[in-house]
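The values are calculated or read from the model by the stated rules, or taken from the named source; none is laboratory data. These figures come from a predicted structure and were not determined experimentally. As a convention, Cβ positions derive from the backbone with ideal geometry for all residues, glycine included, and neighbour counts pool all protein chains shown. In case anyone asks, the SASA skips ligands and DNA or RNA and just uses the protein heavy atoms, side chains included. Shrake-Rupley method; radii C 1.70, N 1.55, O 1.52, S 1.80 Å.
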Amino acid sequence: MAIDNLLRKLSQESRIFNLKEQHCKVFNEGFADDLKIMTQGKKEHRNTMIQIGEKAMEEVAKWCEENNMQLNTEKTVAMHFSKKKSKQETLRNIISRGVPIKWVDSTRYLGVQFDNKLSWNEHIRSIINKGIAAIFAAKQAIGNNWGLSPRNVEYIYKAIIIPRMSTGVICWNEALNKRKNIEALNKLHRLMLMMITGARSTTPTIALNELLSMNPLDVELKKKAILCCNRLNAQGNWNTEKRKTGHLKIENFLKTLGTCDLKPNTDIQDKKFKIVIDDWYDTKQEFRGKCKNHQTWFVDGAVSENAVGIGIYGQKSDGNLTEISIPISTTSTSSQAEMKAIELWAKWCLNENIVNEKLTLLSVGHDRSYL
């Protein structure tokens with residue numbers, strides 16, 4: 001990560017500060033080249049929180065100088081989060097190297113629009129506008145008697161538009177309970193349903209959902225939030241001790257899902273195998289010399305007009321020839337089919353209890369094979 005060293009330094013100082021200070025807390029978070037510094041405290045400690053922000057900005061400025069970089073103060077903003085409905089007081093600016101950092105009511109961070117009340121109304125409007133723009137971009141390639149097929153339009157909606165709109169939904173899922181947001185989202189949803197089916201404008205939305213076996217958009221987004229919560233909880237990354245308010249209420253739905261089969265991430269120290277990803281060999285002689293006494297296996301995924309399948313071919317050390325051919329989902333791409341073939345081959349090797357063997361796997365790409 002570009003700011004890894006800076007983030008470690010800030011996190012270390014924050015931990016020391018949090019142990020000493022009882023009234024304010026400091027949290028740091030970074031992703032690639034985006035950095036967020038947050039202070040938390042009560043109203044009477046606002047000046048202390050601003051001073052903490054100024055000290056943190058000074059550390060950032062020093063790090064930039066040491067790495068021959070310059071802090072872009074025009075893109076750096078400060079925001080005062082508060083759920084109180086009364087008008088917020090004017091706060092003095094945070095100063096970084098003599099330059100005041102402007103206060104804003106809304107800003108975007110990692111694809112999510114944050115406002116100072118955490119109402120998420122601006123984010124909902126933002127994703128709806130982007131969704132409409134994407135729909136009309138796709139509409140240029142669609143006509144009543146020409147253009148993309150309904151199946152391809154549905155794929156664009158499910159695989160591109162909805163995932164883009166659901167970015168960070170675990171944070172703003174509470175906004176999906178507001179009636180105005182539900183109506184706005186499902187207005188966009190209906191527009192896409194009409195494009196997929198080509199139905200008359202008088203066709204009820206419920207009928208279109210039933211025809212395509214689709215959920216209303218707000219329900220689909222809630223579903224993604226619940227599944228994300230379930231995944232984080234299963235991997236030990238969901239804080240179950242906090243009071244269930246706001247977006248944390250989504251945890252109440254976990255009881256309806258049953259046990260999740262996902263396991264926490266683990267670091268396997270004692271591996272029973274070794275993976276070597278080698279370069280491409282220009283000649284058969286070079287390949288045969290490198291892979292002498294290896295079991296050689298071929299895997300491939302193929303996509304035709306009406307079917308998608310995967311295949312495995314090879315010979316075990318005992319001389320038995322193995323050929324496996326399996327059809328998979330017709331919505332899979334060529335790359336997905338090839339990865340599925342590799343996964344199936346690895347599982348097959350485990351089931352056959354192949355041990356103490358050197359295996360060479362060849363996967364056929366678009367233009368040549370890869371070892």
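Results, tabulated for the structure shown:
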read-out: Peptide ranges 175-184, 316-325 listed from the most packed, as the mean C-beta count within 10 angstrom indicates; value: 175-184, 316-325
read-out: Estimated distance in nm for a label pair at K25 and K316, the labels positioned 7 Å out from Cα along Cα-to-Cβ; value: 5.7 nm
read-out: Contour minus Cα-Cα distance for L227 and E352 (0.36 nm per residue); value: 41.6 nm
read-out: Solvent accessible area, Å² - K158, 1.4 Å probe, full protein context; value: 90 Å²
read-out: Prolate/oblate/rounded label for segment 290-359 (Cα gyration tensor, a/c 1.5); value: prolate
read-out: Solvent exposure, largest accessible area first (probe 1.4 Å, DNA, RNA and ligands not counted), of M339, M165; value: M339, M165
read-out: Length gained when the stretch S334-A207 is fully extended (0.36 nm per residue, less Cα-Cα span); value: 42.3 nm
read-out: Potential extension, D34-V99 segment - 0.36 nm per residue separation minus Cα distance; value: 21.4 nm
read-out: Nitroxide proxy distance, nm - points 7 Å out along Cα→Cβ at R151 and K187; value: 3.4 nm
read-out: A302-K139 pseudo-label distance in nm [points 7 Å out on the Cα-to-Cβ vector]; value: 4.1 nm
read-out: Per-peptide average of other Cβ atoms within 10 Å, ordering 349-357, 102-110 highest first; value: 102-110, 349-357
